Amino acid sequence: MFLQAVVRMDPIKPTKTLSSFTPSNSFLIKSTCRTNFHSHFYNRNKPFRIVSEIKKTSKELKNNKPISKKIILSEGAPSISEEENVNGNKQVNSSSVGNPVFKYFKRVPRKVLSILSNLPLAIGEMFTIAALMALGTAIDQGEAPEYYFKQYPEDNPVFGIFTWRWVLGLGFDHMFSSPIFLGMLVLLGASLMACTYTTQIPLVRVARRWGFMHSAEAIRKQEFSDNLPQASVRDLGVILMGAGYEVFLKGPTLYAFKGLAGRFAPIGVHIAMLLIMAGGTLSATGSFRGSVTVPQGLNFVMGDVLGPNGFLSKPTPAFNTEVHVNKFIMEYYNSGEISQYRTDLSLFDLDGKEVMRKTISVNDPLRYDGITIYQTDWSISALQVLKNDEGPFNLAVARLKLNGDKKLFGTFLPIGGNAGAPDVKGISMLARDLQSIILYDEEGKFVGVRRPNSKLPIHINGTKVEIVDAIGSTGLDLKTDPGVPIVYAGFGALMLTTCISYLSHSQIWALQDGTTVVIGGKSNRSKIEFPEEMNRLLDQVPEIIKSPAPQQS
């Protein structure tokens, strides 16, 4: 039986209300009737009489939209067995709650599950993981043991106790794949699953039940309760239905709810956290990483650069791909500072066929078959020069150590004597980038500056030198990270379920007690808004009055 109702207001006229509600004068609403009856609002501040016609709700008439939800009349008891105590609360046996995903938890002792699902323990686990992550950020990862010998010596320990033995012994040099870090992730995951199994799933199962209450005393003990004299529980159902509630009627009893998604949200939050931890673990134990500096015009094979990070790392056929550096380009500001550097790369398969080509830059990597190539650094590999119109000669360039992050490269052009002698003389050349070369004579005196490809020679003590080109080298980082899609999916689900968790789950019970409707309800979040909403809805429920007898001639 599906009901729809609308209420329209008429001017107040003297009427005669019912003093009693008996079967002889009761007004029965049937699914096929369209009978009009006179009634009053229960809002004391709005003394209007209304004429109700069982057609549409006032909200539907205003919006001119059909009601999407229906009052469902239950002819039998709900499929899930229910028991109510004297207070009207259900008795739920949590051991009966099951889920195929958590099936193996049935074999775990209840005491162990109780310990794992303890909230202070879970909070402590998260704080421990956060502390380990902060420590992994402070300690340089993946360096050679000699680096840690020097940074954390035993004769001068950090904080008096922290030495290289702690770093290498506990695996803090590779923190995110160390046994202690992965163990904490496993422990936190077990706590989340235990909490979901023992607490969240039973709560959802209870929330999904059709909780009819057949006791007026139990309804009055709810957070919100009220009585509506001279009212019909079915009219209340129509009003609740128009407010977005799912309404269930069973004889003289009513149960309605909305916001059930808020009950599922904590389970979604737990699943999202498990996805994030699973993705992070897969990234730490199943990825490959590597770095290479390649001069312009040379090749390298991806598999020769990539190295495994953990025991789950498995190479793919893409590791056989050959990478060719077509060109390395540097861009500058008007002030001469470097603004960007780019690398034109080509990828070739085993048959020598080019499968991909792209010019990468910082924050614009190349991705191919699960492998990502990042532009991270640059260098100068060689200078091409003409000496007395002979050559060109390729002079190897070395990076000079400076304080700070500035780069300086240098090379040497012998001009006399034996090149292998310790007292050989020549011209020194320094460069900060690819756009200008500074030259010094054999005495170390400044001679001049030349730009590569300028075709402008310089004479130094009878030697003619021309800078033909500066050959740059590109610094590339390669990595595979199979856990990234899982982590992104986990964070997306976490944001979505966190927002859904703020939806309040509201429940309403009602019982037709003679001519009076006893109403009670509760909400898990909207403690202030829920009573206001209930008062507003109850003001819309019409009062059933006896229709005046027709006048006789």
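Worth pointing out:
- Just one residue in the set Ser291, Ser335 is modelled with pLDDT of 90 or more and of a type in the set (Gly, Ala, Ser); that residue is Ser291.
- Whichever residue in the stretch 417-438 is farther than 17 Å from Ser335 by Cα and assigned to a strand (DSSP E or B) and, among such residues, is modelled with the lowest pLDDT: Lys425
- Any hit, the stretch 309-327, residues being open to solvent by 60 Å² or more (accessible area, probe 1.4 Å), under 25 Å from Lys407 (Cα atoms) and modelled with pLDDT under 95: yes
- Residues in the stretch 247-266 that are open to solvent by 20 Å² or more (accessible area, probe 1.4 Å), at pLDDT below 90 and either β-branched (Val, Ile, Thr) or farther than 30 Å from Ile545 by Cβ (or both): Gly259, Leu260, Ala261, Arg263, Phe264, Pro266.
- Residues located in the stretch 337-373, provided they are under 19 Å from Leu434 (Cα atoms), open to solvent by less than 70 Å² (accessible area, probe 1.4 Å) and in a loop (DSSP other than H, G, I, E, B): Val362
- Qualifying residue in the stretch 523-534 (condition: in contact with a Ser or Thr (Cβ under 8 Å, 6 or more places away or on another chain) and buried (at least 21 other Cβ atoms within 10 Å of the Cβ)): yes
- The residues of the stretch 486-522 that are open to solvent by 60 Å² or more (accessible area, probe 1.4 Å) and more than 22 Å from the chain's Cα centre (by Cα), listed by number, are Asp513, Lys522.
- Residue check, Ile276 under 21 Å from the mean Cα position of the chain (by Cα) and open to solvent by 50 Å² or more (accessible area, probe 1.4 Å): no
- Within the stretch 217-229, the residues that satisfy the criterion of being surrounded by fewer than 23 Cβ atoms within 10 Å (Cβ to Cβ) and of a type outside the set (Gly, Ala, Ser) are Glu217, Arg220, Lys221, Gln222, Glu223, Phe224, Asp226, Asn227, Leu228, Pro229.
- Hey, Phe127 open to solvent by 100 Å² or more (accessible area, probe 1.4 Å) and at pLDDT 90 or above or not: yes
- Considering residues of the stretch 279-308 that are part of a strand (DSSP E or B) and open to solvent by less than 50 Å² (accessible area, probe 1.4 Å) only, the residue nearest to Tyr197 (Cα to Cα): Phe288
- Cβ-Cβ contacts under 9 Å between residues 6 or more apart (or on different chains), taken from a first residue in the stretch 234-246 that is on the phi > 0 side of the Ramachandran plot to a second residue that is of a type in the set (Lys, Arg), are listed as Gly244/Lys69; Gly244/Lys258.
- Conditions (1) closer than 26 Å to Gly290 by Cα; (2) open to solvent by 50 Å² or more (accessible area, probe 1.4 Å); (3) assigned to a helix (DSSP H, G or I): number failed by Gln141: (3)
- Any hit, the stretch 156-174, residues being at pLDDT below 90, closer than 30 Å to His214 by Cα and open to solvent by 50 Å² or more (accessible area, probe 1.4 Å): no
- The stretch 454-483, residues that are closer than 27 Å to Val294 by Cα, open to solvent by 20 Å² or more (accessible area, probe 1.4 Å) and either within 12 Å of the chain's Cα centre (by Cα) or modelled with pLDDT of 90 or more (or both): Glu466, Val468, Asp469, Ile471, Asp477, Lys479, Asp481, Pro482
- Against the conditions (1) assigned to a helix (DSSP H, G or I); (2) touching an Asp or Glu at 6+ places or on another chain (Cβ under 8 Å); (3) open to solvent by less than 20 Å² (accessible area, probe 1.4 Å); (4) not hydrophobic (A, V, I, L, M, F, W, C), Pro202 satisfies every one except (2).
- Single match in Thr515, Thr480 (criterion: closer than 30 Å to Leu274 by Cα, touching a Leu at 6+ places or on another chain (Cβ under 8 Å) and touching a residue at least 12 places away in the same chain (Cβ under 8 Å)): Thr480
- Leu456 being closer than 30 Å to Gln384 by Cβ, touching a strand residue (DSSP E or B) at 6+ places or on another chain (Cβ under 7 Å) and assigned to a strand (DSSP E or B): no
- Subset tally (residues that are in a helix (DSSP H, G or I) and over 23 Å from Leu203 (Cβ atoms)) for the stretch 482-526: 8
- Of residues in the stretch 439-453 being under 21 Å from Phe328 (Cβ atoms) and not polar (S, T, N, Q), the one most open to solvent (accessible area, probe 1.4 Å): Arg451
- Given (1) part of a strand (DSSP E or B); (2) open to solvent by 80 Å² or more (accessible area, probe 1.4 Å), number of the condition Asn334 does not satisfy: (1)
The values are calculated or read from the model by the stated rules, or taken from the named source; none is laboratory data. Quick caveat: nothing in here was measured; it's all calculated off a predicted structure. For neighbour counting, all protein chains shown are included, and Cβ atoms are generated from backbone atoms with ideal geometry for every residue, glycine included. The accessibility values were calculated without ligands, DNA or RNA, using every heavy atom of the protein model including side chains. Shrake-Rupley method; radii C 1.70, N 1.55, O 1.52, S 1.80 Å.
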